Amino acid sequence: MLQPLLLSDAVGDSPRHPVVGVQKDIRYYGTTAKGVLNSPDTTGMSFWSINPYVGCAFGCAYCYARYAHRFVMERATAQGESDAGIADDLTELPPWLAFERRIFVKRNAAEVLRRTLRERGSSGAIQRGETIVIGTATDPYQPAERTFGVTRGVLEVLAEAHRLKLVIITKSPLITRDVDLLQRIAQRSTLTVHLSLITLDRELARRIEPRAPTPESRLRALRRLRAAGIETGVNIMPVLPGLTDRPDELAALVRRIAAEGATHVNPSPLRLRATARKRYLPFLAAEFPHLAQRYAAAYAHNHEMTPEYRDGLRRFMKRLCAEVGLQYGTPDERQFEQRAGAAWEQTEETSSEPLAVPASAQLELLA
Ligand code: SF4
């Protein structure tokens, strides 16, 4: 269990980034954001995004978002001369670890967002009905949120608007604190919560996602959100080859998610781009050495598993979802799939094969 955040007073180590809190080995810095609503043009993603924090205390071994932290660190340390104190703090840890232990709190996020939405007026993302995703690079309900409430502040601003299309991604049951606000937003806008859960195995989760909430607590959050009428699905992302992709365990996970009332499931196998790889492969070598060489080979020339593995997993998960009456993918993703591969879709849906993992879905890593 994480200890409650013990806040120090704002000690003012740095004028730009005062230390606003400490929690065991984690240090929190206040920061003044110039903008919080990131456009698709700036991120390269197909939607708008908001991240109330920079860095994430949950510290998942596979986290792909560590790269975003590097840029903030570089910017902050580049200001080192006029920002005495922070440069040493930020460079004393390797970047992958600083992501988990040096966290920036965008304390003015709500105010900046309100101003942005006002200025963008009718030409902005809001009026065009484009999706805004909260939590693409850090968890918006990580422990800091209990103290700083930046995510709640952002949601309060969004609750004032109409006809938004909002998605919140989190691993934390802390989101249930804001059920009242989520319900208010859902009355005026489209809101979907994506809870992330990759396994039911508490001990395995603790090793891979060391400071994240337990699987059971996430499932309780799912139940509570659904009871409150909030559209909530589960991201089974990433499916980790050799660790969380056993067919019987995936089947148990999907059945449990369905039993808790989820509206949909989004599965996706592990991608290992450069910064995630730097952390994940050494982690694997230390914690699961029997898999290290196989991973090194499987991801040697690509950041993804083979198309056969991905297709096999997708087919398997689709059948599982159909079996328990759970929607596979969000409506947007289904539309995309329909556009991208209508013929393929047809073949899949009409298949009469029994529920079993096709040979192509068996892990080549385990073969
Ligand atoms: S919760 Fe998400 S952002 Fe945070 S460490 Fe885990 S994968 Fe990264």
Say each of Ala252 and Val22 gets a label point 7 Å from the Cα, pointing the same way as Cα to Cβ; how far apart are those two points in nm? 4.2
For segment 139-220, rounded, prolate or oblate, judged on the Cα gyration tensor with a ≥ b ≥ c (square roots of eigenvalues), a/c < 1.5 rounded, else prolate if a/b > b/c? prolate
Can you tell me which lysines have their Cα less than 24 Å from the Cα of Lys165? Leave out same-chain residues fewer than eight positions away. Lys34, Lys106
Using 0.36 nm per residue, how much length does the chain from Ala228 to Gln187 gain when fully extended, once their Cα-Cα distance is taken away? 13.5 nm
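Could you sort the peptides 165-176, 43-54 by per-residue average Cβ neighbour count (10 Å cutoff), highest mean leading? It would help to have the intermediate numbers written out before the result.
Numbers: 165-176: 22.5, 43-54: 19.8.
Top to bottom by mean Cβ count within 10 Å: 165-176, 43-54.
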Using only Cα atoms, locate the centre of segment 309-329 and the centre of segment 255-301, then give the distance between them in Å, rounded to an integer. 18
Give me the number: length gained by fully extending Thr42 to Ser268, i.e. 0.36 nm times residue separation minus the C-alpha to C-alpha distance, one decimal in nm. 78.9 nm
So for the pair Leu93, Ala285, with labels modelled 7 Å out along Cα→Cβ, what separation do we get in nm? 2.2
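For segment 198-278, what is the charge dipole size about the Cα centre, in debye to the nearest 20, if Lys and Arg each add +1 at the Cβ and Asp and Glu each add -1 at the Cβ? Intermediate results must be reported in sequence, preceding the final value.
Details: 16 positive and 9 negative charges, 70 e Å.
Here segment 198-278 has a charge dipole of around 340 debye.
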Calculate, for Ala322 and Arg118, the FRET efficiency according to 1/(1 + (r/R0)^6) with r their C-beta to C-beta distance and R0 51 Å; round to the nearest 0.05. 0.65
Alpha-carbon centroid distance for the pair segment 28-64 / segment 189-231, whole angstrom: 20
Relative contact order (%) - segment 211-278, alpha-carbon pairs under 8 angstrom, separation at least six: 42
So what J values fall out for segment 168-180 if you push phi through Karplus, 6.51 cos²θ - 1.76 cosθ + 1.60 with θ = phi - 60°, rounded to Hz, Gly and Pro as x? 10, 10, 7, 9, 10, x, 4, 4, 5, 4, 9, 3, 4
Note, ³J(HN,Hα) from phi for segment 20-31, Karplus 6.51, -1.76, 1.60, rounded to Hz, x at Gly and Pro: 10, x, 9, 8, 6, 8, 9, 10, 10, 10, x, 9
Could you pull out every residue, at least 5 positions away or on a different chain, whose amide H is within less than 5 Å of the one on Asn235? Hs are placed 1.01 Å off N in the peptide plane, and Pro or chain starts have none. Leu195, Ser196, Leu197, Asn266
Cross-link partners among lysines for Lys278, C-alpha distance below 26 Å, same-chain residues fewer than 8 apart left out? Lys24, Lys171
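Every read-out reported here was derived from the displayed coordinates using simple, explicitly stated rules and does not represent laboratory data. Fair warning: this is a prediction, and the values are worked out from it, not measured in the lab. Don't worry about glycine lacking a Cβ; one is built from the backbone with ideal geometry, like all the others, and counts go over all protein chains shown.
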